Amino acid sequence: MKICQIVKPLVSTNRIPEMEHKHLQVVRDGSALAVAVDPVGTRPGDWVLCVGSSAAREAAGSKGYPSDLTIVGIIDHWEPEGESEA
């Protein structure tokens, strides 16, 4: 699992049928950006738990689903290193 932060929604109207109407989010994993399937309903700024590989496909709803990153939970409280309150 990875801890990522939601940056913004990603809209893609042309999709293969297996993607159905799943929401997509741009997430920040350290300094890199990635796209994750969002079955839990996140908002920009949320810290989330993401899974990858075959776990991502299963978490998105099907082993045949073409995802390699899926959000599986919203973190209630998270202070990244170096951002703690003094």
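Observations on the model:
- Charge dipole magnitude, Cβ of K and R +1, D and E -1 - the chain, Cα centre, debye nearest 20: 440 debye
- Packing-based order for 31-43, 9-21, 47-59, using average beta carbon neighbours within 10 Å, highest first: 47-59, 31-43, 9-21
- Our estimate of slack between Lys63 and Glu79, defined as 0.36 nm per intervening residue step minus the Cα-Cα distance, is 2.4 nm.
- Taken over the chain, the convex hull of the Cα atoms encloses 91 Å³ per residue.
Where a number appears in this text, it was derived from the coordinates with a stated rule and is not lab data. All of these numbers come straight from a predicted model, not from anything done at the bench. Don't worry about glycine lacking a Cβ; one is built from the backbone with ideal geometry, like all the others, and counts go over all protein chains shown.
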